[in-house]
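K.L.:
Provided herewith is a single structure, encoded as structure tokens, for subsequent inquiry.
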Amino acid sequence: MRRILALLDKDLADLRQNPSLFVPALLTGFFSILLPFIIAIIIPAMTGERLSDSSDFELVVETYNSQPAMRGLTPEGVIQAWVFQHFLVLLVLTPIAGSMSVAAYSVIGEKQARTLEPLLATPITTFELLTAKVLGSFLPALMLSLGSFCVYVAGMLVFAEPGTYRALFTPASLGVVFLLGPLSALVALQLAVCVSSRVNDARSAQQIGALVILPIAGLLVVQLTGSIVLTIPVILAISAILLGMNAGLMLLGVKLFDREAILTRWK
């Protein structure tokens, strides 16, 4: 554990010297937060037509008006809460974007800087090394996720109907942000670390990790169409799958991380 914490401290210090690595994640978080505000707040304000005036949302009002988090809200507030709640899935993309760029740099950056070779010559095991690399990518991504969620809630408090923010504090909503988000980020960054051990180009590692975004985008689409509802059992089932994937990827990463090849190939 001391070796893992020492390497983790070093990786976090390196990240502080390269803040540009977080630009993709910050941009992703900005647009993920902005999109539901455009749909629920900006467009109705510009057109002068409230969402509740449209017959397309009548079923939403009838279905969600009875939920505890929606009680006391106006029809417009119910629709806004529905929009913001469903677009929480987009916030999952923020930690994924952050983890991919950071994870790819943590291995490939050290290869290019010639600092990985002396590290591999120490008694640290491959598992300890990968654990430190994963944590060094995961912790900043988790902070980005928490920051994005706080901004999201603050924006609703300022611009949305009073009380709509309560829709974000249901067990299902919190499960999406703080369970599916971190587990998805772990899958993405472990994919990036696995690929980083075999290539010398950060873009290749990031492109592989970006595959995790596709099922998340699909999850948003099926949610909006009503094909699936992210209830607690569904979230727990997806989380169990992600946990299994993370365990498998860690084992795969240890097998793929060829210390001897890295020590000789990248000189």
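The values are calculated or read from the model by the stated rules, or taken from the named source; none is laboratory data. None of the values given here were measured: they were computed from a predicted structure. Please note: Cβ atoms are built from the backbone with ideal geometry, for glycine as well, and neighbour counts cover all protein chains shown.
K.L.:
Got at least one residue in the range 117-137 being in contact (Cβ under 8 Å) with a residue 24 or more places away in the chain and touching a Pro at 6+ places or on another chain (Cβ under 9 Å)?
P.N.:
No: the range 117-137 contains no residue that is in contact (Cβ under 8 Å) with a residue 24 or more places away in the chain and touching a Pro at 6+ places or on another chain (Cβ under 9 Å).
K.L.:
(1) part of a helix (DSSP H, G or I); (2) surrounded by 17 or more Cβ atoms within 10 Å (Cβ to Cβ): which one isn't true of A154, the others all being true?
P.N.:
(2)
K.L.:
Name the single residue, out of those in the range 1-52 being surrounded by 13 or more Cβ atoms within 10 Å (Cβ to Cβ) and among the basic types (K, R), that is nearest to S99 (Cα to Cα).
P.N.:
Taking the candidates together, the pick is K10.
K.L.:
Let me ask you something else. For I96, state whether it is surrounded by fewer than 22 Cβ atoms within 10 Å (Cβ to Cβ) and in a helix (DSSP H, G or I).
P.N.:
Criteria not met by I96.
K.L.:
Give me a count of the residues in the range 2-19 that are charged (D, E, K, R) and not in a helix (DSSP H, G or I).
P.N.:
So the count comes out to 0.
K.L.:
From the list T74, T47, T63, which residue is β-branched (V, I, T) and closer than 23 Å to T231 by Cβ?
P.N.:
T63
K.L.:
Mind checking whether some residue in the range 1-16 is under 28 Å from the mean Cα position of the chain (by Cα) and under 24 Å from V176 (Cα atoms)?
P.N.:
Looking for residues that are under 28 Å from the mean Cα position of the chain (by Cα) and under 24 Å from V176 (Cα atoms), one finds none in the range 1-16, hence no.
K.L.:
Just to verify a result, which residue in the range 252-264, among those that are over 14 Å from A192 (Cα atoms) and part of a helix (DSSP H, G or I), is modelled with the highest pLDDT?
P.N.:
K255
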